[in-house]
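What follows is a set of notes on a single structure, which appears directly below.
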Amino acid sequence: MNESNDKEALISLVEYATMHGRNAASVRQMVLRGSFKTARKIGRNWIIDKREPYPDHRIKSGEYIKEK
């Protein structure tokens, strides 16, 4: 992949959140926790690859990590 395609794929965190129907503050918190592989901070702004899938860490199987 050449450098011009890489730059075109990078979007702001707000654009990414809007694209996935999420709140920008929630996406920012996920970035700070390390949930995204392509998120980078440039100055005070976060950018992310628009092709990165939105991670869903919910347990959907009904099995829980900790027993009560």
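Figures for the structure shown
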item	result
Condition broken by residue 17, with the remaining ones in (1) in contact with a strand residue (DSSP E or B) (Cβ under 7 Å, 6 or more places away or on another chain); (2) at pLDDT 95 or above satisfied	(1)
Segment 5-30, residues that are farther than 14 Å from residue 57 by Cβ and touching a residue at least 12 places away in the same chain (Cβ under 8 Å)	9, 10, 11, 12, 13, 15, 16, 19, 20, 28
Output for segment 38-56, where each listed residue is more than 13 Å from residue 9 (Cβ to Cβ) and of a type in the set (Lys, Arg)	41, 44
First in segment 43-62 and without any contact (Cβ under 8 Å) to a residue 40 or more places away in the chain and over 15 Å from residue 32 (Cα atoms), second anywhere and among the hydroxyl-bearing types (Ser, Thr, Tyr) and assigned to a loop (DSSP other than H, G, I, E, B), Cβ under 8 Å, 6 or more apart	52/38; 57/35
Single residue of segment 21-68 satisfying the filter (assigned to a loop (DSSP other than H, G, I, E, B) and among the aromatic types (Phe, Trp, Tyr)) that is modelled with the lowest pLDDT	64
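The values are calculated or read from the model by the stated rules, or taken from the named source; none is laboratory data. This structure is a prediction, so every number in the text was calculated from the model and none was measured. Cβ atoms come from the backbone with ideal geometry, glycine included; neighbour counts cover every protein chain shown.
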